[in-house]
Ligand code: RFL
Ligand code: PHB
């Protein structure tokens with residue numbers, strides 16, 4: 001027999017968007033159930049983002065899930081741009097007063113899952129065949145299979161937080177949303193390495209052979225990326241080729257050395273930009289990668305997901321508290337300017353640092369001139385720094401300033 005019950009908000013996906021939304025709603029006394037197709041173990045083991053903007057850190061700390069982040073995260077006050085054999089530091093903190101924190105995405109997820117479980121909130125892992133029904137009515141419904149049995153979750157709203165390949169966005173009739181998409185003709189090979197730090201701060205390198213990035217996870221584990229063909233097979237990237245290529249692309253004239261180590265994990269990701277407009281349909285609200293994705297060069301995806309739910313949570317809570325619908329109505333309109341700003345910045349960083357397959361020498365020189373402008377012109381450096389360190393979270397509508405909403409959202413747990 002089909003088990004049937006009701007919750008206020010059905011959240012599809014236990015990524016950063018879904019789990020943080022469920023937490024923020026809980027703090028405002030709104031009940032939600034999270035449905036996740038993968039196992040808890042798989043979710044907690046997925047290696048993805050590493051860079052958190054200041055406003056992301058501030059929100060996670062303010063809402064009580066930032067204790068380990070503050071203890072174990074690494075605050076970086078600058079990043080390096082490397083080109084033509086030279087390294088140029090962009091001092092994010094001096095230029096913006098803000099910094100970034102290196103704390104892996106799966107650690108954010110572990111903190112959020114632990115908090116949900118401790119509070120007795122429901123996160124259904126291995127929820128299969130999730131389907132959305134009647135999203136354009138007042139009584140939407142989500143069906144799914146748990147342990148072989150069908151369940152139905154009646155709800156007031158659905159939050160589609162199931163990433164780019166999820167089921168939420170495809171549940172919206174074609175024609176009700178407009179999609180903007182761009183596919184880049186290259187991918188990234190990402191590696192996790194057991195080695196000490198090669199650099200105190202991230203290095204974004206532009207080279208004739210292609211882009212390279214040196215990032216970190218902990219003092220003992222480093223994260224690095226190499227531009228590659230999106231159709232490359234991992235087998236075509238044996239250890240020796242990876243190190244050789246990283247060495248060439250990161251070479252400097254000042255004797256800097258890349259520290260090698262055992263490659264613990266490797267994967268290839270494709271690079272795509274995408275925006276769905278509006279980010280809502282009927283009683284379904286999309287957040288995070290379900291609504292928009294950016295190439296990872298600007299380190300913006302997770303931060304955008306957090307920004308979305310910082311708007312969606314108070315909007316839903318406002319509805320349940322007062323019956324007002326204005327914030328929900330304006331959800332997309334509030335989020336999209338930030339989304340497009342991140343799209344522009346990510347596309348710009350990507351174009352400035354990558355080698356296009358058909359690039360000629362002239363275009364290569366223009367790329368170098370662009371980077372020279374950034375490192376030598378203070379206003380250009382400030383613009384990069386502002387975008388990279390990130391902007392304050394959006395001011396939701398109804399004239400309620402973000403600070404006041406945040407206070408209502410996080411300082412009055414039920
Ligand atoms: P997620 O993380 O993809 O989570 C979606 C969840 O939904 C589940 N799901 C379903 N559940 C139920 N039913 C279905 N039918 C489902 N289909 C999917 C999935 O299993 C998953 O658990 O989306 P969310 O929450 O929107 O979060 C977005 C971020 O994960 C993403 O934007 C970032 O990882 C992007 N990103 C970075 N962002 C940053 O802000 N800073 C960074 O430094 C950064 N580095 C990166 C990145 C993304 C990368 N890749 C993999 C493209 C580095 C890389 C290499
Ligand atoms: C990462 O550490 O995984 C990382 C850092 C910076 C980026 C993308 C990914 O731009």
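Bear in mind that the values in this text are calculations on the coordinates, not laboratory data. Treat the numbers as computed from the prediction; the structure is a model and nothing was measured. Cβ atoms come from the backbone with ideal geometry, glycine included; neighbour counts cover every protein chain shown.
Taking 7 Å steps out from each Cα toward its Cβ at residue 136 and residue 107 produces label points 4.6 nm apart.
Kirkwood's formula applied to the C-alpha pairs of the chain gives a hydrodynamic radius of 22.2 angstrom. Normalised Debye scattering of the range 37-100 at q = 0.19 Å⁻¹ gives log10 I(q)/I(0) of -0.88, counting only Cα atoms as equal scatterers and leaving out solvent. Label point of residue 181 set 7 angstrom out along Cα-Cβ; within the range 252-291, amide nitrogens under 12 Å from it belong to 272-276.
For 271, 1, 359, the sequence from fewest to most other C-beta atoms within 10 Å is 1, 359, 271. Based on the Stokes-Einstein relation at 25 °C and a viscosity of 0.890 mPa s, and on the Kirkwood radius from alpha carbon pairs, the range 1-87 is assigned a translational diffusion coefficient of 153 µm²/s. Taking all Cα pairs closer than 8 Å and separated by 6 or more residues, the relative contact order of the chain comes to 22 percent. Shown here: the range 164-237, whose C-alpha atoms stretch 50, 28, 25 Å along the first, second and third principal axes, sorted largest to smallest.
Could you tell me what % of all Cα pairs in the range 180-284 have separations over 17 Å? Taking all Cα-Cα pairs of the range 180-284, the fraction more than 17 Å apart is 57 percent.
Working note: 222 nm ellipticity from helices only, DSSP H runs with n ≥ 4, each -39,500 (n - 2.57), summed and divided by the residues of the chain, gives -11000 deg cm²/dmol to the nearest 500. Packing around the peptides 249-262, 63-76, 332-345, taken as the average count of other Cβ atoms within 10 Å per residue, puts them in this order, highest first: 332-345, 63-76, 249-262. Evaluated at q = 0.20, 0.22 Å⁻¹, a Debye calculation over the C-alpha positions of the range 114-182 (equal weights, vacuum) places log10 I(q)/I(0) at -0.98, -1.11. With the Kirkwood sum run over all distinct C-alpha pairs, the range 271-397 has a hydrodynamic radius of 16.3 Å.
Of the residues 158, 191, 11, the one with the fewest other Cβ atoms within 10 Å heads the list, and the complete ranking is 191, 158, 11. When each of the peptides 17-25, 375-383, 206-214 is scored by how many other beta carbons lie within 10 Å of its residues on average, the order from highest to lowest is 17-25, 206-214, 375-383. For the range 81-133, dividing the convex hull volume of the Cα atoms by the residue count gives 237 Å³ per residue. Kirkwood-based Rg over Rh for the range 291-354 (C-alpha set), two decimals? Reported Rg/Rh (Cα atoms, Kirkwood Rh): 1.13. Fewest neighbouring Cβ atoms within 10 Å first, the residues 244, 26, 93 line up as 244, 93, 26.
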